[in-house]
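Here is the structure we will look at.
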Amino acid sequence: MRFGLPATEGLQAGGPLRAFFVIALLSVLMLTLLRTVGLRAFSMASETYLSGTHSAAFVTCPNEQVAKDLARGIVEKKLAACVNIVPQITSVYEWQGKVQEDSEVLLMIKTRSSKVASLAEYVRSNHPYEVAEVISLPIEQGNPPYLKWLGDAVPE
């Protein structure tokens, strides 16, 4: 070795007491890691989710202000747990016999599937479009704690 000590002599210098402390420290660190991983795995495994209980709904809006107003009302009325506002999308569609292209804002809405009809009614009543887009897809699976939060935030 560079400093003139054999590789084993450094460990022997502290003797068995030093080795005990190193092993004890490693054991505590491993126990903490295993406990954290185990609790997380148990939590995820013990949470059951019935596929389709929740849905992700999508609504397009003409601008950010309309999107924010709708999102706030949807969450305040407990029609959804969360609404993401995705700015600056381009929509190409046919309307009244002509192909249109517009800049829009997209709402991604997480809710209970049982609330989609009420959500659609709220959007129709508060949206400036003659025909507002409200479509939904069932959530098949996801992070169990998130899905539990979603269910807790949106009562039946």
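Among Ala81, Ile135, Tyr93, which residue has its Cα positioned farthest towards the positive end of the charge dipole of segment 54-153, with +1 placed on the Cβ of Lys and Arg, -1 on the Cβ of Asp and Glu, and the dipole taken about the Cα centre?
The residue sitting most towards the positive pole is Ala81.
List the lysines whose alpha-carbon lies under 21 Å from that of Lys115, not counting same-chain residues fewer than 8 positions away?
Partners found: Lys68, Lys77, Lys78, Lys148.
Evaluate the distance, in nm, between pseudo-label points positioned 7 Å from the Cα of Ser51 and of Asp152 along their respective Cα→Cβ axes.
For the pair Ser51/Asp152, the computed spacing is 2.7 nm.
What number comes out for the charge environment of Gln88, summing +1 per Lys or Arg and -1 per Asp or Glu over other residues with Cβ under 14 Å away? Walk me through the numbers on the way to the answer.
Details: positive: none; negative: Glu64, Glu101, Asp102, Glu104.
Once all neighbours under 14 Å are counted, the net charge is -4.
No value in this document is a laboratory result; all are computed from the given coordinates. Quick caveat: nothing in here was measured; it's all calculated off a predicted structure. Quick reminder, even Gly has a Cβ in these numbers, built from the backbone with ideal geometry, and neighbours come from all protein chains shown.
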